[in-house]
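Every read-out reported here was derived from the displayed coordinates using simple, explicitly stated rules and does not represent laboratory data. Since we're looking at a predicted model, the values are computed, not measured. Neighbour counts are summed over all protein chains in view; Cβ atoms, including those assigned to glycine, are modelled from backbone coordinates with ideal geometry.
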């Protein structure tokens, strides 16, 4: 007596109900976009076809492999002109390029997966990582355009010339203090050399945190007096004409503040409103308590 197909066959038929039907264009598009990015079992449940059928159609009809939709570490190295794929893994651990483990296995371990957008972000942020002379035409134009748009200076002598100084040790001090942003060249010849971008130099010059000559001279004088045990000057008095009301004011200010800055501080602290709030004696350059009198 025939009671139909066995239970296992009926379960397989319910799981892969489209196993014997022809492939549609929508199914081929989904397979071409998702193949290699998700597991074959997940893709089989989405398309309601067996994993073997998915693999056969991908290879024989679409002519794609599991790593067609992403870059492996070796593929990224070849695209950027790098000799060893381990260098790309080092970049990923440093946070210079974004990569994840894929669902595709290469022997015992899973392959690394790098998307096209991740490579573009890495190239735009750090084009000096690439070897332009050895790069194929793929990302070479992007690296060249990025260099031309906002070039990198690989020699601190060039940066010193832009900052108006002669000693590159001063450039190193600015970088260590955090005033000037710079990256270090990894690996290869001249490892550890500072790399500075033109936009960072322009930002430094716009905000210029370096002390003025008068402030440096005053601080150096105080330090020299402190070392030899001499008394130190803590404040200076200035007779200033108020730029708003014209009255003479006796101003007490720190020794690092000089004439133009004393006048500016007097105007900011005592002449902001409709009328001046200063008397004949005032103190500027220090934070004062709310209960203190000026």
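Across the chain, C-alpha contacts under 8 Å between residues 6 or more apart give a mean separation that, scaled by the residue count, equals a relative contact order of 9 percent.
Give me the extension gain from residue 120 to residue 241: residue separation times 0.36 nm, minus the current Cα-Cα distance, reported in nm with one decimal.
On the way: separation 121, 0.36 × 121 = 43.56 nm, distance 5.94 nm.
Fully extending the segment from residue 120 to residue 241 adds 37.6 nm.
So for 286, 179, fewest C-beta neighbours within 10 Å to most, what's the order?
Neighbour counts put them in this order, fewest first: 286, 179.
Label sites at residue 269 and residue 199, each approximated as a point 7 angstrom past Cα along Cα to Cβ, lie 3.9 nm apart. For segment 233-283, the relative contact order comes to 37 percent (Cα pairs under 8 Å, sequence separation of at least 6). Each peptide among 69-80, 224-235 gets the average number of other Cβ atoms lying within 10 Å of its residues, and from highest to lowest they stand as 69-80, 224-235. Kindly express, to the nearest 10 degrees and within the range 0 to 90, the angle between helix 116-125's C-alpha long axis and the longest C-alpha principal axis of the chain. For 116-125 against the chain, the angle is about 20 degrees.
What number, rounded to the nearest 500 deg cm²/dmol, is the helix-based mean residue ellipticity at 222 nm of the chain, given -39500 (n - 2.57) per DSSP H run of at least four residues and division by all its residues?
The helix contribution divided over the chain gives -13500 deg cm²/dmol.
Name the residue, out of 158, 26, 131, whose mean-square fluctuation peaks in a Gaussian network model built on the chain with Cα pairs under 10 Å. Ranking 158, 26, 131 by mean-square fluctuation puts 26 first. Once you have a ≥ b ≥ c as the square roots of the Cα gyration tensor eigenvalues for segment 154-207, tell me rounded if a/c is under 1.5, and otherwise prolate or oblate according to whether a/b is larger than b/c. Cα axes put segment 154-207 in the prolate bin. At full extension, residue 191 and residue 166 could sit 6.7 nm farther apart than now, given 0.36 nm per residue minus the alpha carbon distance.
Rounded to the nearest 10 degrees, the inclination of helix 168-177 to the longest alpha-carbon principal axis of the chain is 80 degrees. Full extension of the chain between residue 96 and residue 177 gives 26.9 nm of extra length, using 0.36 nm per residue less the Cα-Cα distance. Listed values [x] 34.4, 120; [y] 19.3, 65; [z] 31.3, 102 include one computed from this model; for Rg and Dmax of the Cα atoms in Å that value carries the label [x].
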